Amino acid sequence: MKKFAVILAGCGVFDGAEIHEATLSLYAIAKQGAAYEIFAPNIEQHHVINHLTGEEMPEKRNVLVESARIARGAIKDLSELNVADFDALLFPGGFGVAKNLCTLAFQGADAVVDPQIEEVVLAFHKAEKPIAALCIAPAMIAKIIQGAAVTIGQDKGTIQAIEAMGGNHETTTHGEVIIDENNKVYSTPCYMLEASILDIADGAENIVAAVLQDLK
């Protein structure tokens, strides 16, 4: 049975992992006969957003603790991830990727990636194991893996940032998966486009299917 390492960036679209993308990715992995283990870095969130009002809240939260909400507690500190134990890596999206795992939301093409995240991505890349990224996560992958071909859909500002970082962007629509065969990077736009939960399910199922096809 093939096994995915899934890395979350918190809990909630505006300051953590996008919950629909995370949940539907886990569902797609299990539905297609593979297994997964969930990880998150044990770091403080950049900030906390009230998802009802969109306003910043005067409190602090931990990315690992918040990610455990989605994982129902079945989660490990990212420091425990051993690349040799997994066949593929997957990042759901959400602003937490661009705020907690890297600084893309604030610095664009000059973003800095959390060292632990960068180390894990480069380890999977060196091992020639597939790396799947949804929504905004492909932009972070483009920052880490120079020259990677990715998609975030059609958002012009993010496309410009990806290209400024040395990435190659391909415009896509709902459910489409871009495969960079040389780098084994897989990406799909999800909520970077105006999307329904059905569109997210399509993207998650298609990207997992593409990775599993590669692993056959």
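Here are a few things to note about the model shown:
- Top of G96, G54, G12 by mean-square fluctuation, Gaussian network on the chain, Cα under 10 Å: G54
- Surface accessible to a 1.4 Å probe, per residue, for the residues of the range 73-162, Å²: 38 Å²
- Each Lys and Arg adds +1 at its Cβ and each Asp and Glu adds -1 at its Cβ; summed about the Cα centre, the chain shows a dipole of about 440 debye.
- K3 sits among other residues whose Cβ lies under 11 Å from its own Cβ, and their net charge, with Lys and Arg +1 and Asp and Glu -1, is -1.
- FRET efficiency, 1/(1 + (r/R0)^6) with R0 45 Å, evaluated for E194 and E119 via beta carbons: 0.85
- Given +1 at the Cβ of Lys and Arg, -1 at the Cβ of Asp and Glu and no other charges, the dipole of the range 107-216 around its Cα centre is 220 debye to the nearest 20.
- Relative contact order, percent, the range 97-144 [alpha-carbon distance under 8 Å, six or more residues apart]: 39 percent
- Over the chain: helical MRE at 222 nm, DSSP H runs n ≥ 4 each giving -39500 (n - 2.57), nearest 500: -10000 deg cm²/dmol
- Whichever lysines have a C-alpha closer than 21 Å to that of K156, once near sequence neighbours (fewer than 8 apart) are set aside: K99, K143
- Relative contact order (percent, whole number), the range 1-139, Cα cutoff 8 Å, 6+ residue spacing: 30 percent
- Rounded Å value of the spacing that divides the Cα centres of the range 138-209 and the range 1-78: 19 Å
- The range 85-156 - charge dipole about Cα centre, Lys and Arg +1 at Cβ, Asp and Glu -1, debye rounded to 20: 220 debye
- The range 72-212, accessible surface, carbon-and-sulfur percent (1.4 angstrom probe): 46 percent
- Here the average projected area of the convex hull drawn through the C-alpha atoms of the range 5-130 stands at 7.9 nm².
The values are calculated or read from the model by the stated rules, or taken from the named source; none is laboratory data. For clarity, every value in this text was computed on a predicted model and none was experimentally measured. No Cβ is skipped: glycine too gets one built from the backbone with ideal geometry, and neighbour counts run over all protein chains shown. These accessible areas exclude ligands, DNA and RNA; they are computed on the full protein's heavy atoms, side chains included. Shrake-Rupley method; radii C 1.70, N 1.55, O 1.52, S 1.80 Å.
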